[in-house]
Amino acid sequence: MSEPKAPTPAPGDTYKGWLFKWTNYIKGYQRRWFVLSNGLLSYYRTQAEMGHTCRGTINLATANIAVEDSCNFVISNGGTQTYHLKASSEVERQRWITALELAKAKAFRMQAESDDSGDDSTPPAAGQGAGSRNSEVQSTLRTLGSKVEDLSTCNDLIAKHGSALQRSLSELEGVRLGGETSEKIRQVTERATLFRITSNAMINACRDFLALAQTHSKRWQKALQAEREQRVRLEETLEQLAKQHNHLERAFRGATVLPASQSNPAIDSKGPVSGKGDASDEDEENEFFDACEDVQEFITVPADPKYHRRSGSNVSGISSELGMDDGTTSLDEQSLASNPESPQSQELVPVRKRRTRIPDKPNYSLNLWSIMKNCIGKELSKIPMPVNFNEPLSMLQRLSEDLEYYELLDRAAKCQSSLEQMCYVAAFTVSSYSTTVHRTGKPFNPLLGETFELDRVQESGYRSLCEQVSHHPPAAAHHAISERGWTLRQEIALASKFRGKYLSIMPLGSIHCIFEKSTNHYTWKKVTTTVHNIIVGKLWIDQSGEIDVVNHKTGDRCHLKFAPYSYFSRDVARKVTGVVTDKDGKAHYVLSGTWDEKMEYSRVMQSSRGGENGADGRQKTVYQTLKAKELWRKTPLPEGAENMYYFSTLALTLNELEEGVAPTDSRRRPDQRLMEQGRWEEANAEKQRLEEKQRTVRREREREANRAASPSEEVLIEDSPLASDSPLKSEEVEIASEPSETTYKTETLHGSHPPAYSMEGPYGAPVKSGHQDNYKSMWFEQLVDPVTGEPTHIYKGGYWEAKEQGNWDSCPDIF
């Protein structure tokens, strides 16, 4: 297969090509794809890896480039990184050497300029426009200076290669005709080729410099003219503002200012009316209705969602297009403006300032293989794990993080179209995975009876309660209710398997979302989470599987597909696609995006068969859609998140101490608190204490359940040959991983009989056996769900009333 001809390296360009890199004495040199860009040399196994997997990078600013022979050269940055590389020919090697020397010189200059100008940045305050233009000029000057330096470097290279060419020509003149002639001619030809390559680089640099200088010369002339015109406009504007200021002062003396509680309805009925020029200096609640001579100039309809949600959120409304069928756009916007829970009203109420940082994660080393080598094939809940693998949050708190983008449900509650509402609910299901992309730490397994409340009524209009309702298998119930018309409940049990190289986590149970106004009832299940590189390599997380979001009232359905990562796939990593259909199967919207970044929607105008055949041989459906618009976007992580377990803004506040919470709340858990503070040795000791306490309580509860269920059998057993002094073989399986585990004891007579009891049934319901657990959760009760027919724990009430009264006498002492 012919190799693509590498382009001649030009200063400042990205240079790519194949080189052979020394790996080890077994494999020797291996062919790798190298990319030189912005002073960095990176390599990949194939060109297809450039989008997601970089195998190594070296900074040329501090690197040393040495030529070994006609095809080999070495790049080293002082000992930590050394690349032994080999080109296919001497000409190809010289092309890379030329490109690397140019890139090294440029990277060194940029580093020096960055160090020199580190304190000269312009603050983004008043005069930001002037500062921006000054920064642009400085950047242009640096670019031009860089081009001049490139020309100087090329000049040195031309002189070097020109001298070598001249020496070869002189040697050629003194060579006698014979066997040495062909060898000398070949050397001259190669040196002439190298000289041509360097000359071409010089010519390209000159051309770039000339084009850049001409372009910026015209821009500077236009910028100078624009500055003059802007100065004239500013003088005229200042004169107008002075007149308007006097007019507003006179209007204020005679105007009646409405209180904040009465101003919003007036705004809703008349529109956001304000006096000219007061947009940046007056509060939104203070409207002067007698200063309205230029109303149209200042009327705005804030379609951008930043006006409807907390700072930093990125949920985009789709009402502008989805409202084409039912005309709900204006209704939704008016309801947001008139809703007493809207941010405009909430800004008048002081809210609690929550923390934005936690102690940085300490760097403790741990031999992973010594712990994991005996765990292959076991469930995760049965593996003894130190806190070194954890993050300072419990599974209940991780479950509460599903509400990170609660605003999607707020907007869905205001929709009159069930199909529009389905788009928001589907985006909400995807958004719950966005916080997991970097979160490789394992959350603490909750103790039985442990709870976690998340009261955000004041800031966000909702409150949430989680409780660990089952011991084995571990299961947690979650109930959240919002003042803005929606309820979310779920019971999640985790099934997990360790497969050596990766860990699979399969959530079991359904999630329910009910909207009060429309009485629409949605259900869906979670996809499989896979943690890769458990033993060797950097941990990374993938989500894969399919989700069916079903509206049980209307029959609408959204089928979401989470594509698993594939080494050979050309698709975007972490891709999610979905189609929203009505009860008849007609598609109305197509969803697309990634579960770690954003989701977009497109309205389906027409669908037809006739696309490429799928894997099952059937033809794919082709949807003709309108232009895609953003539905949801992930909020950026806070600064320094990489040192704080990659927690989001919400996650940083979950373990913050609060007054009045139940004594069983996860915030009061001592081992988790010690880990957050960086005292990991103490946390491990405390964790072992809690585990042993939980086992003791579990054994006592089982004994009481057995005595209550069959007291006569207990007497018979004590007198039977299976008593403690009989020749009984006892196998005790200690499950010492987390506080939620216990000690099981199976008794067999000489190992020939089946166990005396069986494990618990699904959802923690005890089955008929010799050992029983009569535990009942505090705040949830197990019922059969009327929609799905599954047994599930549903909130029975009483928690928030107990919190108001400060009465927690019924709570167990689990910590």
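Scan the range 635-664 residue by residue and report those that are in a loop (DSSP other than H, G, I, E, B) and either open to solvent by less than 10 Å² (accessible area, probe 1.4 Å) or under 21 Å from F428 (Cβ atoms) (or both).
Applying the first criterion (in a loop (DSSP other than H, G, I, E, B)) to the range 635-664 yields 635-640, 644-648, 655-664.
Selection gives T635, P636, L637, M644, F647, S648, N655, V661, A662, T664.
Conditions (1) of a type in the set (S, T, N, Q); (2) in contact (Cβ under 8 Å) with a residue 24 or more places away in the chain; (3) part of a strand (DSSP E or B); (4) surrounded by fewer than 16 Cβ atoms within 10 Å (Cβ to Cβ), marked per residue:
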| position | (1), (2), (3), (4) |
| --- | --- |
| M50 | no, no, no, yes |
| I58 | no, yes, yes, no |
| A61 | no, yes, no, no |
| A66 | no, no, yes, yes |
| S70 | yes, no, no, yes |
| I75 | no, yes, yes, no |
| L85 | no, yes, yes, no |
| S88 | yes, yes, no, yes |
| R95 | no, yes, no, no |
Query raised in the report: Any residue at all in the range 392-406 that is in contact with a helix residue (DSSP H, G or I) (Cβ under 7 Å, 6 or more places away or on another chain), modelled with pLDDT of 90 or more and either open to solvent by 80 Å² or more (accessible area, probe 1.4 Å) or assigned to a loop (DSSP other than H, G, I, E, B) (or both)?
Result: yes
Query - Qualifying residue in the range 438-448 (condition: out of contact with any Ser or Thr (no Cβ under 6 Å at 6 or more places or on another chain) and among the aromatic types (F, W, Y)) - result: no
Query raised in the report: What pairs come up if the first residue lies in the range 512-534 and is on the phi > 0 side of the Ramachandran plot and modelled with pLDDT of 90 or more, the second is among the basic types (K, R) and open to solvent by 50 Å² or more (accessible area, probe 1.4 Å), and their beta carbons are under 7 Å apart, counting only those six or more places apart or on different chains?
Result: T519/K553
Query - Residue list for the range 508-540, filter: part of a strand (DSSP E or B) and crowded, with 19+ Cβ neighbours inside 10 Å - result: I511, H512, C513, I514, F515, Y522, T523, W524, T529, T530, V531
Query - Count - residues of the range 422-441 that are in contact with a Phe, Trp or Tyr (Cβ under 7 Å, 6 or more places away or on another chain) and assigned to a helix (DSSP H, G or I) - result: 8
Report summary line: Scanning the range 14-31 for residues that are closer than 21 Å to S70 by Cβ and either touching a residue at least 24 places away in the same chain (Cβ under 8 Å) or not in a strand (DSSP E or B) (or both) gives Y15, G17, W18, L19, F20, K21, W22, Y29
Query - Close pairs from the range 627-640: first under 19 Å from R603 (Cα atoms), partner among the acidic types (D, E), Cβ under 8 Å, at least 6 apart - result: A628/E600; K629/E321; K629/E600; E630/E600; L631/E600; R633/E597
Report task. Exactly one condition in (1) more than 44 Å from the chain's Cα centre (by Cα); (2) at pLDDT below 80; (3) not in a loop (DSSP other than H, G, I, E, B) is not met by V175; state its number. Result -> (3)
Requested in this report: Kindly check whether there is at least one residue in the range 465-488 that is within 20 Å of L657 (Cα to Cα), among the aliphatic types (A, V, I, L, M) and buried (at least 21 other Cβ atoms within 10 Å of the Cβ).
Outcome: yes
Query raised in the report: Can you tell me which residue in the range 671-692 is modelled with the highest pLDDT, limited to those that are open to solvent by 60 Å² or more (accessible area, probe 1.4 Å), charged (D, E, K, R) and under 18 Å from E450 (Cα atoms)?
Result: R689
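Just need a number here: residues in the range 32-48 that are assigned to a loop (DSSP other than H, G, I, E, B) and among the basic types (K, R). Don't jump to the end; show me each part of the working.
Of the range 32-48, the ones assigned to a loop (DSSP other than H, G, I, E, B) are 38-39, 45-46.
From what's left, among the basic types (K, R): 45.
Qualifying residue count, the range 32-48: 1.
The values are calculated or read from the model by the stated rules, or taken from the named source; none is laboratory data. Since the model is a prediction, treat every value here as computed from it, not as a measurement. Using ideal geometry, Cβ is built from the backbone for each residue, glycine included, and neighbour counts are taken over all protein chains shown. Heads up: the accessible areas ignore ligands, DNA and RNA and are worked out on the full protein's heavy atoms, side chains in. Shrake-Rupley method; radii C 1.70, N 1.55, O 1.52, S 1.80 Å.
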